[in-house]
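Peer 1: Before we start, here is the structure in question, set down as structure tokens.
The values are calculated or read from the model by the stated rules, or taken from the named source; none is laboratory data. Everything numeric in this text was worked out from a predicted model, so none of it was measured. When we count neighbours, we look across all protein chains shown, and the Cβ atoms used for this are built from the backbone with ideal geometry, even at glycine. These accessible areas exclude ligands, DNA and RNA; they are computed on the full protein's heavy atoms, side chains included. Shrake-Rupley method; radii C 1.70, N 1.55, O 1.52, S 1.80 Å.
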Amino acid sequence: MVISKEAVLAWIRAFAAAVEQHKEYLTELDAALGDADHGANMHRGLQAVLDRLNGVADRDIGTILRTVGMTLVSSVGGASGPLYGTFFLRAGTAAGTKMELTADDWLQMLEAGIRGIVDRGKARRGEKTMLDALGPGLDTLKASLQEGQPLNEALRRSAEAAREGMEATIPMLATKGRASYLGERSVGHQDPGATSAYLLLQTAAETWTAGA
Amino acid sequence: MKKLINHPERVVREALEGLAAAHGDLVRVHFDPDYVYRADAPVQGKVAVISGGGSGHEPMHTGFVGQGMLDAACPGQVFTSPTPDQMVEAAKQVHGGAGVLFIVKNYSGDVMNFEMAAELLEAEGIRTASVIIDDDVAVENSLYTQGRRGVGLTVLAEKIVGAAAEEGYDLEQLKALLERVNANGRSMGMALTSCTVPHVGKPTFELAEDEMEIGIGIHGEPGRQRMKLKPADEVITMLFESVVKDLPFQAGDRCLLFVNGMGGTPEIELYIAYRKAKALADEYGLQVVRSLVGSYITSLEMQGVSLTLLRLDDEMIRLWDRPVKTPGLRWGV
């Protein structure tokens, strides 16, 4: 099984749709921990992405994802803009001029994208951020592929690990970003960044395993 | 929610259109990407001083663009950091060949977006320097958190550094001055009511009729403590003591005392606050040689107040007194 360029485009569209669907929920989560704008900002950025996606739809996967990244950087604002923007820029660079992806390509792209988030945000896992969903998602993808699981099964497990990682942010103490100002009061709330990051991996799994 | 707006999504744009219409002699407004810049920019040979941040804190930063203060300001959406393309385009518009100084408040979004902008500008051969303002004593600093927030001191820093840039300080001198201002200033705020972000439509936090939040941030982030409302003098004493003990300010220090309104506090209450803060400064033996009272760094319609103390030296006093001609701050011209 390979991931076609069309599937990559479908993933971005599915991510935009999921964020639109959960816009209010993301904002509610952010109201408890930050400044109540995560849903609106991500939605605005992804709508801008959809506007530009058709213009690059016949290009290679690297170009498509870098366009997504630059668009998010210039339209989301907040911390999510540079973080998601850097994720897609690095993942796009890792994809290069490919027109379809193998399981190993996707693993390397995800790894590069997450490294970009670490560089930009200077965060580590366990600090109640999007890394807490993406990190387990990456680990599980890698482990599943190594033990010989087919890609669609590895993607499902990866999304499931991201969901567990997202839920595991509830009891965490925030030490990065605006939520860190709350100190102990950040405990007991699910992190909005981890939630949108789960949607990112969940839509990838759902889109790419559909019919598989 | 009651607000004097047309549409939540057009708040920032329409406010910028109003700023341009009202102060066309001082500033110009560029849209897409959005930035406000000095009408006489670029000033050749001068370091361009640029700041920015989420909207909703007006007059900071857009109202501080003009002679003797900022060369450009990049407004984000309400309470949301601006994006790197805004800072890059603003910098190209106003830089006069002597580099660009970014004044950045310590919020993760602002820091990351300015950092990306600086990388992009360096790649194009424009020199930049950045200083992060983090004066809010309500937030405990630690290696493991984002650190202290940038609040009231930002206003004073933009005035002092803007005056120095106008005098011809170079990029390194300005950076050192800005770091010195940041090292000598401390702030803390409180709120009586929440604020409502227009596109969210409901209050950012809930505060009962008889409660207040001590140590509030300028986006309605919770502070140190929620408690029963107390008389103004007791509230100001709590803020003042937290601020003065943090640096610590010491007897004999020459200071600027800044009492700031959060947007929904009438000036009459700000002067009640100033009266008490000045009395406390006298008790501590501080020499308040300069003052500022008014709503300069706000949180939309939040009711509340913040106190900022800045320890001054001769150079800072001279620069504070220099002429400034912006929509939000104007003297000596």
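Peer 1: Determine, from the Cβ-Cβ distance of A:Glu24 and A:Arg59 and an R0 of 35 Å, the FRET efficiency 1/(1 + (r/R0)^6), rounded to the nearest 0.05.
Peer 2: E between A:Glu24 and A:Arg59, to the nearest 0.05, is 0.55.
Peer 1: Same structure again: Around B:Glu124, under 12 Å between beta carbons, what's the net of Lys plus Arg minus Asp minus Glu among the other residues?
Peer 2: Result for the local shell: -1.
Peer 1: A further question follows. Between B:Glu17 and B:Met1, what is the label-to-label distance in nm when each label sits 7 Å out along the Cα-to-Cβ direction?
Peer 2: Computed distance between label sites B:Glu17 and B:Met1 equals 2.0 nm.
Peer 1: Whole Å is fine, so just give me how far the alpha carbon centre of the range A:1-45 lies from that of the range B:256-333.
Peer 2: 42
Peer 1: Rounded to the nearest whole Å², what accessible area per residue is found for the protein assembly as shown with the 1.4 Å probe?
Peer 2: That works out to 37 Å² per residue.
Peer 1: List the residues of the range B:81-95 that lose 10 Å² or more of accessible area once all protein chains are present, compared with their chain alone (1.4 Å probe, heavy atoms only, no ligands or nucleic acids).
Peer 2: B:Ser81, B:Thr83, B:Pro84, B:Asp85
Peer 1: Calculate one ³J(HN,Hα) per residue across the range A:12-24 by plugging θ = phi - 60° into the Karplus curve 6.51 cos²θ - 1.76 cosθ + 1.60, and present them in order as whole Hz with x for glycine and proline.
Peer 2: Values per residue, Gly and Pro as x: 4, 5, 5, 5, 4, 5, 5, 5, 4, 5, 9, 4, 5 Hz.
Peer 1: What angle, in degrees between 0 and 90 and rounded to the nearest 10, separates the Cα long axis of helix A:192-209 from the longest principal axis of the Cα atoms of chain A?
Peer 2: 20
Peer 1: With r defined as the distance between the Cβ atoms of B:Asp282 and B:Arg330 and R0 fixed at 22 Å, what FRET efficiency is calculated, to the nearest 0.05?
Peer 2: It comes out at approximately 0.15.
Peer 1: State to the nearest 20 debye the size of the charge dipole of the protein assembly as shown about its Cα centre, where the only charges are +1 on K and R beta carbons and -1 on D and E beta carbons.
Peer 2: Around 360 debye, computed over the protein assembly as shown.
Peer 1: Just from its helices, what would the mean residue ellipticity at 222 nm be for the protein assembly as shown, if runs of 4 or more DSSP H residues each count -39500 (n - 2.57) and the sum is divided by every residue, rounded to the nearest 500 deg cm²/dmol?
Peer 2: Result for the protein assembly as shown, helices only: -15500 deg cm²/dmol.
Peer 1: Sticking with this structure for a sec: How far apart, in nanometres, would the label points at B:Asp40 and A:Asp104 be if each is projected 7 angstrom from Cα along the Cα-to-Cβ direction?
Peer 2: 6.4
Peer 1: Moving on to the next point. What's the extension gain from B:Asp32 to B:Glu211 if we count 0.36 nm per residue and subtract their Cα-Cα distance?
Peer 2: Extra length from B:Asp32 to B:Glu211 when fully extended: 60.3 nm.
Peer 1: Hey, another quick one. From Cα pairs below 8 angstrom and at least 6 apart in sequence, can you work out the relative contact order of the range B:241-301, rounded to a whole percent?
Peer 2: 50
Peer 1: Run the accessible area of chain A with a 1.4 Å probe and give the carbon-and-sulfur part as a rounded percent.
Peer 2: That share works out to 51 percent.
Peer 1: Ok, one more. Mind checking how much accessible area A and B bury in total, 1.4 Å probe, in Å² rounded to 100?
Peer 2: Answer for the A-B pair: about 2500 Å² buried.
Peer 1: Here's a follow-up. With unit charges on the beta carbons (Lys and Arg positive, Asp and Glu negative) and the dipole taken about the Cα centre of chain B, which residue among B:Gly125, B:Gln287, B:Pro75 sits farthest to the positive side?
Peer 2: Going by the charge dipole, the pick is B:Gln287.
Peer 1: Moving on. If you place +1 on the Cβ of every Lys and Arg, -1 on the Cβ of every Asp and Glu, and leave all else neutral, what size is the dipole of the range B:8-184 about its Cα centre, to the nearest 20 Debye?
Peer 2: It comes to approximately 200 debye.
Peer 1: Enumerate the whole-percent occupancy of each 20 Å bin, from 0 to the last occupied one, for all C-alpha pair distances of the protein assembly as shown.
Peer 2: 22, 53, 22, 2
Peer 1: Report the charge-dipole magnitude of the range A:3-207 in Debye, nearest 20, computed about the Cα centre from +1 at each Lys and Arg Cβ and -1 at each Asp and Glu Cβ.
Peer 2: Computed about the Cα centre, the dipole is about 540 debye.
Peer 1: Net charge near B:Ala208: determine it from the other residues with C-beta under 15 Å of the C-beta of B:Ala208, scoring Lys and Arg +1 and Asp and Glu -1.
Peer 2: Taking every other residue near B:Ala208 into account, the sum is -2.
Peer 1: Where does the charge balance sit around B:Thr196 when Lys and Arg score +1, Asp and Glu -1, over other residues with C-beta under 11 Å from its C-beta?
Peer 2: Neighbour charge sum, excluding B:Thr196 itself: +2.
Peer 1: Would you list which aspartates and glutamates come within 17 Å of B:Lys230, measuring only between C-alpha atoms, while excluding same-chain residues fewer than 8 positions from it?
Peer 2: B:Glu209, B:Asp210, B:Glu211, B:Glu213, B:Glu241, B:Glu269
Peer 1: Within the range A:158-173, what residues put their amide N at less than 16 Å from the label point 7 Å along the Cα-to-Cβ vector of A:Gln146?
Peer 2: A:158
Peer 1: Continuing with this model, one more query. Under a cut-off of 21 Å between alpha-carbon atoms, report the lysines in cross-link reach of B:Lys175, not counting same-chain residues fewer than 8 places apart.
Peer 2: Those lysines meeting the cut-off are B:Lys46, B:Lys92, B:Lys105, B:Lys159.
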